Amino acid sequence: MGKLQLSVAVGPYDRTRALIDGSVQIDGVDPVCMTLSPEEIFFRAFRHAEFDVCELSLSSFTVKTAQGNCPYVGIPAFVSRTFRHTSIYVRTDRIKKPADLKGKKVGVPEYQLTANVWARAILEDDFGVKASDISWVRGPITDAERPEKISIKLPPDVKLQDGPEGKTISQLLADGEIDGFIAPRAPDLDLRKHPNIGWLFPDPTAAAKDYYKRTGIFPIMHLLGVKRELVQQHPWLPAALLKAFEQAKSAALHLLHDTSATKVTLPFVEENLKAARELMGEDFWPYGLGPNRKTLNAFLARHHAEGLSSRLVKADELFHPSTHESFKI
């Protein structure tokens, strides 16, 4: 009996590279790997379930799981994590501190994006700025049109409107028609030509380190998903995927540590790796349910409180039971 041929769509990260180049194998699987942008993967996955295995937005996945109609089963391989203090841009000529955002207009590409959920959590939990304190303007970052991947129903006190047709939220920020911008990507502007646009947090790295010291949370953005119908046919598949993605991440960390010739086109890699481990521990990017339960619970509580998930989803139900624990030697 031959291997199972599956389409696998993920971003071209160092932690997925060993799977893409074949140096790490998925037990029993012959993968057809595609490296695509998160926006393309998520749109195609949630609109048409095009991929057998793929990277998924934690927020969109939670929405669909709460509704009970998600075509994918989760695998706790968190291929994207980021502190989202760098996701909040403002008109620095108007906004000097987080509290200044109250009563102001803030642009978002999609309200329910995982990055935006975490950013709103920072604003409310640490600075008392609630989602209902802001007027939200939805629009594309770059393209003139960008539809929501999935439909959402917001609480009545949250004000969300579409931006002017044909205008991006990047341009609205540049023109001063909005006061802030929250998104996974930076505004599509040459910021050297816009001295009055910048990060809300002037030193986002220091803000993120302080956040981690206080909360112990390293925000999760994306998880792995596998088609539900495939899992029903092949119950061994979720554990095999988690094992392979763990191995690929370990390979990436091993290469990152090898500084005889740095594998990343960036100075200070060695220093930053040392600083990350001193702050967050040896395995600072953990996979699996256990070490991520606190982070997941915080996200799921926030997601439900914002009205994005129709009920409070439990961390355990996001993932296939076979991935809740892994074997030890």
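Taken together, the values in this text are just the output of simple stated rules run on the coordinates, not laboratory data. Here the structure is a predicted model, which means the values were calculated and not measured. All Cβ positions, even for glycine, are placed from backbone atoms using ideal geometry, and neighbour counts span all protein chains on display.
Points to keep in mind about this one:
- Angle in degrees between helix 293-305 and the longest Cα principal axis of the chain, rounded to the nearest 10: 50
- The string of couplings for region 259-268 from the Karplus curve (6.51, -1.76, 1.60, θ = phi - 60°) is 9, 4, 8, 4, 8, 10, 7, 7, x, 6 Hz, one whole number per residue in order, with x for Gly and Pro.
- Working note: Karplus 6.51/-1.76/1.60 with θ = phi - 60° gives region 15-22 the couplings 7, 10, 4, 5, 6, 5, 8, x Hz, where Gly and Pro are set to x.
- Contour excess over end-to-end distance, with Cα ends at His257 and Lys3 and 0.36 nm allotted per residue: 88.1 nm
- Cross-link partners of Lys314 among lysines (Cα-Cα below 19 Å; sequence separation of 8 or more within a chain): Lys64, Lys294
- For the pair Leu160 and Asn297, a Förster radius of 30 Å applied to the C-beta separation gives a FRET efficiency near 0.70, rounded to the nearest 0.05.
- Cα-based helix-to-principal-axis angle, 237-257 vs the chain, degrees rounded to 10: 70
- Amide H to amide H distances under 5 Å link Tyr72 with Arg228, where only residues 5 or more positions off or on other chains count and H is placed in the peptide plane.
- Modelled spin labels at Thr92 and Asp188, positioned 7 Å past Cα toward Cβ, are 2.4 nm from each other.
- Within a straight-line Cα-Cα reach of under 17 Å, Lys96 can be paired with the following aspartates and glutamates, leaving aside sequence neighbours fewer than 8 residues apart in one chain: Glu124, Asp126, Asp133, Asp179, Asp203.
- Segment Glu50-Ser250, length gained on full extension (0.36 nm per residue, minus Cα span): 69.2 nm
- Alpha-carbon Rg with Dmax, taken over the chain, Å: 20.1, 66
- Amide hydrogen proximity for Cys33: with H placed 1.01 Å from N in the peptide plane, the residues at 5 or more positions away or on another chain lying under 5 Å are Val8.
- The Cα trace of region 99-205 gives Rg and Dmax of 13.3, 39 Å, the first to one decimal, the second as a whole number.
- Pairs exceeding a 29 Å alpha-carbon distance, out of Lys227/Lys263; Lys102/Lys193; Lys130/Lys167; Lys213/Lys249: Lys227/Lys263.
- Sequentially through region 224-229, phi angles give Karplus couplings (6.51, -1.76, 1.60; θ = phi - 60°) of 9, x, 10, 4, 4, 5 Hz, Gly and Pro residues having no value and appearing as x.
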